[in-house]
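Below is one structure, written out as structure tokens, with a few remarks after it.
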Amino acid sequence: MTNTKLAELLDLSHALGDPAHDWAILGEGNTSTPMDAETFLVKASGSELRTLTEEQVSEVRFAPVLEALNSQRDYSDTETKELLLGACVGSAGRMPSVETLLHAFLLTLPDIEFIGHTHVTSINGLLCSLEGWKAIEEGGRLFPDEIVVCGVAPCVVPYIDPGLPLARELRDRVIAYIRKYEAAPKTIYLRNHGFIALGKSAQEVRNITLMADKAARVLLAALACGTPTYLTPENVTRIRTRPDEHYRQNALGIREDTA
């Protein structure tokens, strides 16, 4: 299974799991990337991002996972496990992460080649707080670089039981986001759960996570000082459409159709 995409996925996983960042510890978080139109790679359940190896990555077929996601059927925990194991390529496939269901959907979005799901401490501090969640769900962007790297707005998902229920709710929220902003989100916030960065490269996913972490720490400081002052929609549109910001996005490996 050794190839460039796998090497990039492992490098991304190690970066996201670096203890210096405080983004994921032990078995937290997961990463994924498509191999081709038929299969994708995803972190195996129970493995650690910081030390992820080739043997701890599962290759999974899109078709059976997306079929289950788009069906009206409810799956028990046992049936979900059987579904994920059955979707693995090869008889010795390791159990994929339970979040494989949402990775399968997100990897079908245009220009999305890598996904990083983490439990960033600064972000989860907000997601696990009533006022913090409100600030993310109803607030806005705080500073220009947040727009340049993370897009014009986040996609937010209420707490849902991980697995098929969460994947279906996330799918519906992302579809609504695309209809509103005419582009896929770069950041997804899962209440009382964690953060997802979506990018066309592994480096973009890392950059998004870095900037989202900083934005969360800025928001926490602003909330501690009083009421955060968000940029206006006009401010956001101006940053989104500035030619010099497009130049910076290209330099950072970020697509220009930021949203």
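Read-outs throughout are calculated quantities, based only on the coordinates presented, and are distinct from any laboratory measurement. For clarity, every value in this text was computed on a predicted model and none was experimentally measured. Here the Cβ positions follow ideal geometry from the backbone for every residue, glycine too, while neighbour counts run over all protein chains shown.
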Quiz item: Suppose R0 equals 22 Å; then what is the FRET efficiency for Ala176 and Tyr75 from their Cβ-Cβ distance, rounded to the nearest 0.05?
Solution: 0.40
Practice problem: Using only the alpha-carbon atoms of segment 1-126, report the extent along each of the three principal axes, biggest first, to the nearest angstrom. | Solution: 40, 35, 30
Practice problem: For segment 113-205, list log₁₀ I(q)/I(0) at each q in 0.14, 0.19, 0.21 Å⁻¹, using the Debye formula over Cα point scatterers of equal strength and ignoring solvent, two decimals each. | Solution: -0.49, -0.95, -1.18
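Sequence gap of 8 or more, or different chains, plus Cα separation below 18 Å: how many lysine pairs satisfy both in the chain? If you can, show how the numbers build up before the last one.
On the way: Lys5/Lys43; Lys5/Lys200; Lys43/Lys81; Lys186/Lys200; Lys186/Lys214.
Eligible lysine pairs with Cα atoms under 18 Å apart amount to 5.
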Exercise. Please list, in chain and number order, the residues 5+ apart from Ser32 or on another chain whose amide H is under 5 Å from its amide H, with Hs placed from the backbone.
Key: Ile115
Quiz item: When each pair of different Cα atoms in segment 4-251 is counted once in the 1/r mean, what is the Kirkwood radius in angstroms, to one decimal?
Solution: 18.4
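Please give the per residue volume of the convex hull enclosing the alpha carbon atoms of segment 41-113, rounded to a whole number of Å³. Walk me through the numbers on the way to the answer.
Working: hull volume 6.7 nm³, N = 73.
Hull volume over Cα atoms, normalised by residue count, gives 92 Å³.
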Exercise. For Cys128 and Asp161, calculate 0.36 nm times their separation in residues minus their Cα-Cα distance, and state this gained length in nm to one decimal.
Key: 10.4 nm
